[in-house]
1. What about ALA64, is it modelled with pLDDT of 90 or more, at negative phi and either under 22 Å from the mean Cα position of the chain (by Cα) or of a type in the set (D, E, K, R) (or both)?
2. Pairs only if they're at least six apart or on different chains, beta carbon under 7 angstrom, first in the stretch 78-94 and touching a residue at least 40 places away in the same chain (Cβ under 8 Å), second assigned to a helix (DSSP H, G or I) and not small (Gly, Ala, Ser); list them, first residue then second.
3. Give me a count of the residues in the stretch 1-53 that are of a type in the set (Phe, Trp, Tyr), exposed (fewer than 14 other Cβ atoms within 10 Å of the Cβ) and in a loop (DSSP other than H, G, I, E, B).
4. GLY104 fails exactly one of the following numbered conditions: (1) surrounded by 10 or more Cβ atoms within 10 Å (Cβ to Cβ); (2) part of a helix (DSSP H, G or I); (3) at pLDDT 90 or above; (4) not acidic (Asp, Glu). What is the number of that condition?
5. So how many residues does the stretch 71-93 have that are among the hydrophobic types (A, V, I, L, M, F, W, C) and either over 17 Å from the mean Cα position of the chain (by Cα) or open to solvent by 80 Å² or more (accessible area, probe 1.4 Å) (or both)?
Amino acid sequence: TSRSGITITAALLLGFSRQTAARFSFLLSIPVIVLATLSQTYKLFFKSVNVEWDILAYGLVISAVTAYICIHYFLKLIERIGMLPFVAYRILLGIVMFYFIYSGALQSGL
């Protein structure tokens, strides 16, 4: 399962609306993303390699804008079609993964 999938599911089980559950899930990711970015920036700052900070800054801005746009349209999509397609996708993916794991275990003699 994914981080967003499990947080949306938990929020839905607690009685949140689909829109609120998805918004909660995305907001919950912000501290992790910010802290990971700061951690990696700190590591890069003290390495003895040449870092192109301007390119990293452009990448940060572009990824933030892209993420905002994706979240905006994803929330609109959830309003229209609901969560069922995503649930079906995760179940189908789980079945496929179990098949490959099980068939690999059989081939290796486990």
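The values are calculated or read from the model by the stated rules, or taken from the named source; none is laboratory data. These figures come from a predicted structure and were not determined experimentally. Glycine gets a Cβ as well: all are built from the backbone with ideal geometry, and neighbour counts include every protein chain shown. Surface areas here come from the heavy atoms of the whole protein model, side chains and all, with no ligands, DNA or RNA. Shrake-Rupley method; radii C 1.70, N 1.55, O 1.52, S 1.80 Å.
1. Working: modelled with pLDDT of 90 or more: yes; at negative phi: yes; either under 22 Å from the mean Cα position of the chain (by Cα) or of a type in the set (D, E, K, R) (or both): yes.
Against the criterion (modelled with pLDDT of 90 or more, at negative phi and either under 22 Å from the mean Cα position of the chain (by Cα) or of a type in the set (D, E, K, R) (or both)), ALA64 qualifies.
2. ILE78/ARG18; ILE78/GLN19; GLU79/GLN19; GLY82/ARG18; MET83/ARG18
3. Step one: of the stretch 1-53, the residues of a type in the set (Phe, Trp, Tyr) are 16, 24, 26, 42, 45-46, 53.
Those left that are additionally exposed (fewer than 14 other Cβ atoms within 10 Å of the Cβ): 42, 45-46, 53.
If we keep only those that are in a loop (DSSP other than H, G, I, E, B) too, we end up with 46.
Count: 1.
4. (3)
5. The first filter runs over the stretch 71-93 and keeps only residues among the hydrophobic types (A, V, I, L, M, F, W, C), leaving 71, 74-75, 77-78, 81, 83-84, 86-88, 91-93.
Now drop any that are not either over 17 Å from the mean Cα position of the chain (by Cα) or open to solvent by 80 Å² or more (accessible area, probe 1.4 Å) (or both), which leaves 81, 84, 88, 91-92.
Selection size over the stretch 71-93: 5.
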